[in-house]
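Report on the following structure.
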Amino acid sequence: MDKANTRSPVDQARELIEKAWTLRWRTMQSPPAAEAELQQAVARFHGYLSEAVGLLRTAGATRELVGALGKLGHAEENAGRVDAALACYEEAVAVARGADHRLPLAHALRQLGDLHRKAERLTTAENCYAEALALYGAQDEPPALDHANALRPMAILKEELGRVDEARTLWQRARELYGAASIEAGVAECTDHLTRLG
């Protein structure tokens, strides 16, 4: 019997995601000299993630599907396929909401908000971030890094909208959480913004 056929679809999907991320890391560490090789690596990376998403959809593994859709959306966004990225993030939000996976929903909303903010759909972005932050705030002990990563883009957005006091409060809270998670780059970025805001 083929070993691949004895593994569950979820295990197969996890293996594909691991392959994709290993390939991405290797490509970033040692980019191919030829453009054609780079494009082949990108296509393989995308293929692994697409296959994983298909397996998880079929298996009805909603929590894992939300994560895989987020990764595929990120890949689509990096490749400049914004509409495809938007479709992935919107599906991730819908799946997480339908299955009542609150922390995965918060993460998916933050990703969707980021895409809207980059496209200058600021009201829609703000709504996504606000819902994500409400979900984190409703948890007794939300993951510090994920919570900080949701506060950060809302702080950026508030700065863009000229709401300095709100931005300052968000940067202060994000800095505390990055500190708790020992993310020095996050602490430094928050401190820079707070210094500029006065």
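Bear in mind these aren't lab numbers, they're just calculated from the coordinates by the rules spelled out. Because the structure is a prediction, the values reported are computed rather than measured. Glycine also receives a Cβ, built like all others from the backbone with ideal geometry; neighbour counts cover every protein chain displayed.
Count the lysine pairs in the chain whose Cα atoms lie under 23 Å apart, taking only pairs 8 or more positions apart in sequence or on different chains. It would help to have the intermediate numbers written out before the result.
Details: Lys3/Lys19; Lys19/Lys71; Lys71/Lys118; Lys118/Lys158.
Lysine pairs meeting the criterion: 4.
Pop out the ³J(HN,Hα) list for the range 48-65 in order, Karplus 6.51 cos²θ - 1.76 cosθ + 1.60 with θ = phi - 60°, rounded to Hz; leave Gly and Pro as x.
Per residue, the Karplus-derived 3J(HN,Hα) values read 4, 5, 4, 5, 4, 4, x, 5, 5, 4, 4, 6, x, 7, 5, 4, 5, 5 Hz.
By count of other Cβ within 10 Å, fewest leading, how are His116, His107, His147 ordered? All intermediate terms of the calculation are to be shown ahead of the outcome.
Details: His116 21, His107 24, His147 27.
Placing the least packed residue first, the sequence is His116, His107, His147.
Between Asn78 and Gln39, what FRET efficiency comes out of the Förster formula 1/(1 + (r/R0)^6) with R0 = 22 Å and r the beta carbon distance, rounded to 0.05?
Numbers: r = 13 Å, r/R0 = 0.59.
It comes to 0.95.
With θ set to phi - 60°, apply the Karplus curve 6.51 cos²θ - 1.76 cosθ + 1.60 along the range 15-26 and write out the HN-Hα couplings as whole Hz, x wherever there is a Gly or Pro.
So the Karplus estimates, Gly and Pro as x, are 5, 5, 5, 4, 4, 4, 6, 5, 4, 4, 5, 4 Hz.
Gap in Å between the Cα centre of the range 129-174 and the Cα centre of the range 17-72?
When both Cα centres are located, 29 Å separates them.
When Thr58, Thr6 are ordered from fewest to most other Cβ atoms inside 10 Å of their Cβ, what list results? Before the final figure, lay out the partial values.
Details: Thr58 11, Thr6 8.
Listed from fewest to most nearby Cβ atoms, that is Thr6, Thr58.
Counting other beta carbons within 10 Å of each residue's own, what order do Cys190, Cys88 fall into, fewest first?
Values: Cys190 25, Cys88 28.
So the ranking, lowest neighbour count to highest, is Cys190, Cys88.
Each residue of the range 179-189 in order: what ³J(HN,Hα) in whole Hz does its phi give by Karplus 6.51 cos²θ - 1.76 cosθ + 1.60, θ = phi - 60°, with x for Gly and Pro?
Whole-Hz 3J(HN,Hα) from phi for the range 179-189: x, 4, 8, 6, 9, 4, 5, x, 4, 5, 5.
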